[in-house]
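K.L.:
Here it is, the structure in full.
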Amino acid sequence: MKSLHRSLSLLFIVACSLLWVSASANSHDDFFECLYSYHPKESSSITQVIYTETNSSYSALLDSSIRNQRFSTPNTPKPLVIVTPLNISHVQATIYCSKKHGLEIRTRSGGHDFEGLSYVSHVPFVVIDLVNLRSVDVDVENEEAWVQSGATVGEVYYRINERSTNLSFPAPVFRTVGIGGSISGGGDGSLFRKYGLSADNVIDAQLVDAHGRVLDRRSMGEDLFWAIRGGGGGSFGIVISWKIKLVHVPSTVTFCSVGRTLEQNATQLLHRWQYVAPNLPKDVYSVVTISTTNASENGTKTVLATFISLFQGGANEFSLLMQERFPELGLVKEDFIEMTWVESLLLMNGLSNETSEILLDRSNRYTILPPFVKSKSDYVREPMPEIALQGLWLHLLEVDEGGLAVQNFFAYGGIMEEISETETPFPHRKGTLYKISYNIAWQEEENNNSQRYISWMRKLYSYMGPFVSKSPREAYVNYRDLDIGRNNYHGKTSYKQASIWGRKYFKNNFDRLVYVKTKTDPKNFFKHEQSIPPCLHCTS
């Protein structure tokens, strides 16, 4: 049976390749002619934003925001065309002409999609890269801002801080993440325990739908507005911009980071952290980063747990709080460092020696991770026993020197306990102790067998099954993982098939997402391997 499946897969790949060649030969000219004629008065401007493989800038543009080199190999399917729109009419023209000539659209902002779905497809496709649509217009008086989807969170943070050092936005920590993709899947970060997700703080949006209509919150209706704030990107249309609610940050925040190895009771401390961190005040952001190191007493490899906290307030207050709530960690006065909010962003990006202007840098040149990555996620609702953590350590210690395994435990609680899981499509709210992000990274040139690292990750994920959420085993849509299920490359994906992965990301909110998709894009123009499918025979 496995042999038959491999044969069928090979036939499908060959068929796709033939289709690709045919589409490339027949669709280019027709597609371009369509773009030029869509708005004849703008034909000269649209020529400036079209890139094909014959263009000298094509490869540099395509590679510019690929954050995972697994999806930048010679065998990775490339777009027939990349469009970098300067205005909404360019987006409308690309949608219209792609529909007319049978091309799929992938939309990219930051390029952090964990499975490359924002810039890779296995059928002929066009990439709309929103790099030119990244303005951030801040209204300090009303504590609001309009941000375009192509902006990175670093650019959003910088532009807000430029206008007010006491305002910000709850968004991810890492500066090169695209704000559009982040909001579309939820968007948690160092302020989320106090103010909720990025998606929880959106008050309007501007979207282009499959018919080319430009819709705001009022004209799209509350169902679609609900769906785009956490329902995942690439299913309902292209969001050009978001109106966001800004939140308050103090003039002084306090950062704390301490590492403990197994020999320094890391197992017992992490076990205790599970009970403490989710119940800390909303002003505390708490994450534990777990990796391996050679710093054990006898020089052999050991596990290192780094306990990282950010407090919206001063060091004295935070020190007293941690002495009361988590005395086992043994923190001392020197572990608490006061700084400004923007300085904390730089520090958590590993850029503490840089000025805030580095937040405007869209490149990945400062990352310390190897370029090839496989990631997964889990949510935990019951504390893991110490014996389970010890088993996790054994898996981490298996990784050879060519790979870097980093797991992050992000404490939930705070305001996340108070927001209904149906408020937005993002359902991982009340009762969630923490989220786990599993990551394995490697240098391809040091190991041509990438599959062994991916297999290691799948083995770890299987091991963790008994200790995490169940029925469904939950996952975070912004940490996309095609291992948990995917739509068909060809033909129609059934509601039943999509439910396999859909309920893990969205729980029962998946049904409402399907309803919205069916109402707004019944012909399924916007689609990818984990897009929400329409279901014409389903009831709402």
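K.L.:
For Leu394 and Asp223 in the same chain, what is the full-extension length gain: residue separation times 0.36 nm, less their Cα-Cα distance, in nm?
P.N.:
Stretched out fully, the Leu394 to Asp223 stretch lengthens by 56.9 nm.
K.L.:
If you roll a 1.4 angstrom probe over the protein chains with everything in place, what fraction of the accessible area of segment 358-475 belongs to carbon and sulfur, to the nearest %?
P.N.:
Here it works out to 55 percent.
K.L.:
Please work out, to two decimal places, the log10 of the ratio I(q)/I(0) at q = 0.23 Å⁻¹ from a Debye calculation in which every Cα of segment 134-246 carries one identical scatterer.
P.N.:
-1.32
K.L.:
First measure r as the distance between the Cβ atoms of Glu33 and Asn75, then evaluate 1/(1 + (r/R0)^6) with R0 = 45 Å and state the FRET efficiency to the nearest 0.05.
P.N.:
0.90
K.L.:
Starting from the exponent 0.38 and prefactor 2.2 Å, build the expected Rg for segment 108-185 from its residue count and divide its actual Cα Rg by it.
P.N.:
Rounded to two decimals, the normalised Rg is 1.20.
K.L.:
Right, another one. State the percentage of accessible surface on segment 134-246 attributable to carbon and sulfur atoms; use a 1.4 Å probe and exclude ligands, DNA and RNA.
P.N.:
Answer for segment 134-246: carbon and sulfur cover 42 percent of the accessible area.
K.L.:
Let me spell out the model: positive unit charges on the Cβ of Lys and Arg, negative unit charges on the Cβ of Asp and Glu, origin at the Cα centre of the chain. What dipole size does that give, in debye rounded to 20?
P.N.:
Charge dipole of the chain: 1880 debye, to the nearest 20.
K.L.:
Report D for segment 210-324 in µm² per second (integer): Stokes-Einstein, Kirkwood Rh on Cα pairs, 10 °C, 1.306 mPa s.
P.N.:
Answer from the Stokes-Einstein relation: 87 µm²/s.
K.L.:
If the viscosity is 1.306 mPa s and the temperature 10 °C, what Stokes-Einstein diffusion coefficient in µm²/s follows for segment 162-226 when Rh is the Kirkwood radius over Cα pairs?
P.N.:
Diffusion coefficient, whole number: 120 µm²/s.
K.L.:
May I pose another question? Give the share of C-alpha pairs in each 5 angstrom bin for segment 27-127, from 0 to the last occupied bin, in whole percents, shortest bins first.
P.N.:
Here the calculated profile for segment 27-127 is 2, 13, 25, 25, 19, 11, 4, 1, 0.
K.L.:
Once the Cα gyration tensor of the chain is found, what semi-axes does its equivalent ellipsoid get, as square roots of 5 times the eigenvalues, in whole Å, sorted largest first?
P.N.:
38, 27, 23
K.L.:
Then there is this: Label point 7 Å out from Phe525 along Cα-to-Cβ: which residues of segment 203-244 have amide N under 15 Å?
P.N.:
Correct set: 207-215, 234-240.
K.L.:
Also: Report the net charge of residues surrounding Ser109, where surrounding means a beta-carbon distance below 15 angstrom and charges are Lys +1, Arg +1, Asp -1, Glu -1.
P.N.:
+4
K.L.:
For segment 281-431, what is Rg from Cα atoms divided by 2.2 N^0.38 Å, rounded to two decimals?
P.N.:
1.22
K.L.:
Also, I was wondering about something else. Just for the Cα atoms in segment 316-404, what are the lengths along the principal axes, largest first, rounded to whole Å?
P.N.:
Answer, in whole Å and largest first: 44, 42, 26 Å.
K.L.:
Counting only Cα atoms, I'd like the Rg/Rh figure for segment 363-519, Kirkwood definition for Rh.
P.N.:
Reported Rg/Rh (Cα atoms, Kirkwood Rh): 1.00.
K.L.:
Additional query: Full-extension gain between Ile454 and Asp139, please, as 0.36 nm times their residue separation minus the C-alpha to C-alpha distance.
P.N.:
Value of the extension gain: 108.9 nm.
K.L.:
Quick one: what are the phi-derived ³J(HN,Hα) couplings along segment 116-129, Karplus 6.51/-1.76/1.60 with θ = phi - 60°, whole Hz, x for glycine and proline?
P.N.:
x, 5, 7, 8, 9, 8, 9, 10, x, 8, 10, 9, 9, 9
K.L.:
Quick one: compute a quarter of the convex hull surface over the Cα atoms of segment 470-511 and quote it in nm².
P.N.:
Here the figure is 3.1 nm², rounded to one decimal.
K.L.:
How many times 2.2 N^0.38 Å is the alpha carbon radius of gyration of segment 484-539?
P.N.:
0.99
K.L.:
At 1.4 Å probe size, with the rest of the protein present, what percent of the exposed accessible area of segment 281-351 is carbon and sulfur atoms?
P.N.:
50 percent
K.L.:
Now for a different question. Which of the helices in the chain meet the span-like rule: DSSP H, Cα axial reach of 30 Å or more, Kyte-Doolittle mean at least 0.0?
P.N.:
Once both thresholds are applied, what remains is 2-38.
K.L.:
Per residue, what accessible area does the chain have, given a 1.4 Å probe and all protein chains present, in Å²?
P.N.:
42 Å²
K.L.:
Over the alpha-carbon set of segment 441-505, work out the extent along each principal axis and list the three values in angstrom, largest first.
P.N.:
42, 35, 18
The values are calculated or read from the model by the stated rules, or taken from the named source; none is laboratory data. All of these numbers come straight from a predicted model, not from anything done at the bench. Counting neighbours? That spans all protein chains shown, and the Cβs are built from the backbone with ideal geometry, glycine included. Heads up: the accessible areas ignore ligands, DNA and RNA and are worked out on the full protein's heavy atoms, side chains in. Shrake-Rupley method; radii C 1.70, N 1.55, O 1.52, S 1.80 Å.
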